[in-house]
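The values are calculated or read from the model by the stated rules, or taken from the named source; none is laboratory data. Every value quoted in this text rests on a predicted model; they were computed, and no experiment measured them. Heads up, the Cβs are rebuilt from the backbone with ideal geometry, glycines too, and the neighbour counts pull from every protein chain shown. We work out accessible area using only protein heavy atoms, side chains counted, and drop any ligands, DNA or RNA first. Shrake-Rupley method; radii C 1.70, N 1.55, O 1.52, S 1.80 Å.
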Amino acid sequence: MAKKDTKRDADKKRKKSPPALRELLRIPPGEGAELASYDPRATPGGPRDKAAGQEAMTPMAERLAGLQDRLYAASTAGDHRRLLLVLQGMDTSGKGGTVKHVIGLFNPSGCRIRAFKTPTPEERSHPFLWRVKRALPQRGEIGIFDRSHYEDVLITRVRELVPRRDVGRRYGQINRFEQSLADDGVTIVKVFLHISYEEQRDRLLARLGNPDKHWKFSPSDIDDRALWPAYQEAYELALHRCSTEAAPWHLVPADRKWYRNWAISTLLLEHLEELDPAYPKADFDVEKSRERLLSEGRP
């Protein structure tokens, strides 16, 4: 019996645990990403169905909130680490939905959310990273970029808003910028929300069918669909040239909203658990303070 138990234990040790989602969805540095080879409706590493995915969010929310609290508390004692979530994807891929359903699990006072729109005249008068640097999270914070500096190698490339040679230089500038952030204690979680052409059409039609959503629709959204192949190529270039050891890209299939929310929550959880922030120890005499409170008289 003892020998059988020993063999069973050895077999258990040989069995590998499932890979972390961050590794499963990660685009390895130096490798390309042919988007056509990724299924936007896939659920890699995810729960078995929508109900299970939504059920898994409840315990995850408590863990995320606790880790955020520890990260913020640690900053009061000099820990300068912070986390930046970068969300990119075609229109309707779920960037706003992620902010609502995933970032809503955090304490808003510890988050810094920035949605990057068309650059203002002032922003255009500066280098393209200028406005991004001004929006970075401070120590102890969680930053969220709804679109980001990658717009400057995506729409600028597709729409030919700047010379192609300038776009080509920006990939290296982005990599150096993100490396500097990582060196300064920023954990960068970059997520590309991969949506299908058909699913985008359905979501745009849903907006047109709901008067309360008309403000989110523009006829130019249809024009952009005509440029779908060019945008896919631009994303493939960005994912290939800017997935580094310091700041790798993660591709999240986004046709299923429940999976998108679960996957991004899991990615954040894995990165925060790796940071493992700790509550700072008291720099005062706890017992003496307790005795003072217990012995004080009414004023």
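Those residues that are among the polar types (S, T, N, Q), within 17 Å of the chain's Cα centre (by Cα) and more than 18 Å from Leu136 (Cβ to Cβ), I need them from the range 162-197; list them, please. Scanning the range 162-197 gives no hits. Counting only residues that are farther than 23 Å from Arg203 by Cβ and of a type in the set (Phe, Trp, Tyr), the range 250-283 holds 1 of them.
Counted as qualifying within the range 27-145 are the helices (runs of 4 or more DSSP H) with 1 or more residues that are touching a Lys or Arg at 6+ places or on another chain (Cβ under 6 Å), namely 50-75, 121-124.
Please find, among Arg298, Arg292, the residue that is in a helix (DSSP H, G or I), surrounded by fewer than 13 Cβ atoms within 10 Å (Cβ to Cβ) and over 15 Å from the mean Cα position of the chain (by Cα). Of Arg298, Arg292, the one residue that is in a helix (DSSP H, G or I), surrounded by fewer than 13 Cβ atoms within 10 Å (Cβ to Cβ) and over 15 Å from the mean Cα position of the chain (by Cα) is Arg292.
Here is the figure for the range 202-239: residues that are at pLDDT 95 or above and under 30 Å from Leu181 (Cβ atoms) total 10. Selection of the range 209-266 for residues being of a type in the set (D, E, K, R) and either open to solvent by less than 10 Å² (accessible area, probe 1.4 Å) or closer than 19 Å to Val86 by Cβ (or both) yields Glu236, Arg241, Glu245, Arg260.
In the range 171-184 there is at least one residue that is in contact (Cβ under 8 Å) with a residue 12 or more places away in the chain, open to solvent by 30 Å² or more (accessible area, probe 1.4 Å), under 30 Å from Asp69 (Cβ atoms) and touching a His at 6+ places or on another chain (Cβ under 8 Å).
Filter the range 14-68 down to residues that are of a type in the set (Asp, Glu) and without any contact (Cβ under 8 Å) to a residue 40 or more places away in the chain and give me whichever is least open to solvent (accessible area, probe 1.4 Å). So the residue we want is Asp49. Of all residue pairs spaced 6 or more apart or on separate chains, those with beta-carbon atoms under 6 Å, a first member in the range 110-129 that is farther than 19 Å from Arg170 by Cα and a second member that is open to solvent by 70 Å² or more (accessible area, probe 1.4 Å) are Gly110/Tyr72. With respect to the conditions (1) under 24 Å from the mean Cα position of the chain (by Cα); (2) surrounded by fewer than 20 Cβ atoms within 10 Å (Cβ to Cβ); (3) of a type outside the set (A, V, I, L, M); (4) assigned to a helix (DSSP H, G or I), Gln200 falls short on a single one, namely (2). In the range 248-289, the residue that is farthest from the chain's Cα centre (by Cα) out of those that are hydroxyl-bearing (Ser, Thr, Tyr) and within 30 Å of Arg22 (Cβ to Cβ) is Tyr279. Being touching a Pro at 6+ places or on another chain (Cβ under 9 Å), surrounded by 15 or more Cβ atoms within 10 Å (Cβ to Cβ) and either of a type in the set (Gly, Ala, Ser) or on the phi > 0 side of the Ramachandran plot (or both) is the requirement here; does Ser148 meet it? It is false that Ser148 is touching a Pro at 6+ places or on another chain (Cβ under 9 Å), surrounded by 15 or more Cβ atoms within 10 Å (Cβ to Cβ) and either of a type in the set (Gly, Ala, Ser) or on the phi > 0 side of the Ramachandran plot (or both).
Count of the range 75-90 residues, restricted to those that are under 18 Å from the mean Cα position of the chain (by Cα) and open to solvent by less than 40 Å² (accessible area, probe 1.4 Å), is 9. Would you confirm whether any residue within the range 92-100 is crowded, with 16+ Cβ neighbours inside 10 Å and over 25 Å from Arg207 (Cα atoms)? Looking through the range 92-100, none of the residues is crowded, with 16+ Cβ neighbours inside 10 Å and over 25 Å from Arg207 (Cα atoms).
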